[in-house]
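What follows is one structure encoded as structure tokens, with my remarks underneath.
The values are calculated or read from the model by the stated rules, or taken from the named source; none is laboratory data. These figures come from a predicted structure and were not determined experimentally. Reconstructed Cβ throughout: ideal geometry from the backbone, glycine too, with neighbour counts over all protein chains shown.
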Amino acid sequence: MRTVTLDVRPLADSLRDFAHVWRTGKREMSARISFATPELLWKVLTPKRWDILKAMAGQGAMSLREAARRVGRDVKSVHGDVHALLNAGVLRQNDTGEIEFPYEAVHVEFTLRAA
């Protein structure tokens, strides 16, 4: 099962991991999308956007209209959510304009610490 990990960590940590993969050529690291703060994670991944990801997980590329049909919402409102997910790097868009969430599962990982 292809899983993506959504996490909260500093940009420096993400860049360090990227540099390690670049230097070593090892590509076995799991798919990961990082956010700088928990607030940013929750701002990007609203409940309606989670619904889109659930409907698209493991389903391959589809049109915006098909994504809207699957979540039972109008195309215009889904359009805004899809573009927010595209801008965050959570969704991909192919050469024909179809959108894709190329994972079958999502793992969310972050630690809440005392202030």
**Request:** Check residue 88 against each of (1) surrounded by 14 or more Cβ atoms within 10 Å (Cβ to Cβ); (2) touching a strand residue (DSSP E or B) at 6+ places or on another chain (Cβ under 6 Å); (3) at pLDDT below 95 and name the one condition it does not meet.
**Result:** (2)
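Output the residue which, of all residues in the range 5-20 that are surrounded by 13 or more Cβ atoms within 10 Å (Cβ to Cβ) and modelled with pLDDT under 80, is farthest from residue 89 (Cα to Cα). Spell out the reasoning first.
The first filter runs over the range 5-20 and keeps only residues surrounded by 13 or more Cβ atoms within 10 Å (Cβ to Cβ), leaving 5-9, 14, 17.
Subsequent filtering for residues that are modelled with pLDDT under 80 retains 14, 17.
Numbers: 14: 14, 17: 17 Å.
Result: 17.
Mind counting the residues in the range 49-98 that are basic (Lys, Arg), in contact (Cβ under 8 Å) with a residue 24 or more places away in the chain and more than 19 Å from residue 33 (Cα to Cα)? Write out each step before concluding.
Pass one, the range 49-98, residues basic (Lys, Arg): 49, 54, 65, 69-70, 73, 76, 92.
Pick out the ones that are also in contact (Cβ under 8 Å) with a residue 24 or more places away in the chain and you get 49, 73.
Keeping just the survivors that are more than 19 Å from residue 33 (Cα to Cα) gives 73.
Of the residues in that region, 1 qualify.
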**Request:** Would you be able to tell me the number of residues in the range 77-103 that are within 26 Å of residue 13 (Cβ to Cβ), of a type outside the set (A, V, I, L, M) and in contact with a Lys or Arg (Cβ under 9 Å, 6 or more places away or on another chain)?
**Result:** 3
**Single unsatisfied condition, residue 77 versus (1) of a type in the set (S, T, N, Q); (2) buried (at least 16 other Cβ atoms within 10 Å of the Cβ); (3) in a helix (DSSP H, G or I)** = (2)
**Fill in**
In the range 102-115, anything farther than 11 Å from residue 33 by Cβ and in a loop (DSSP other than H, G, I, E, B) is listed as 102, 104, 110, 111, 112, 113, 114, 115
**Request:** Tell me, please, whether a residue that is of a type in the set (Asp, Glu) and within 16 Å of the chain's Cα centre (by Cα) can be found in the range 55-70.
**Result:** no
**Request:** Mind telling me which of the residues 36, 31, 68 ends up being surrounded by 12 or more Cβ atoms within 10 Å (Cβ to Cβ) and under 17 Å from residue 103 (Cα atoms)?
**Result:** 31
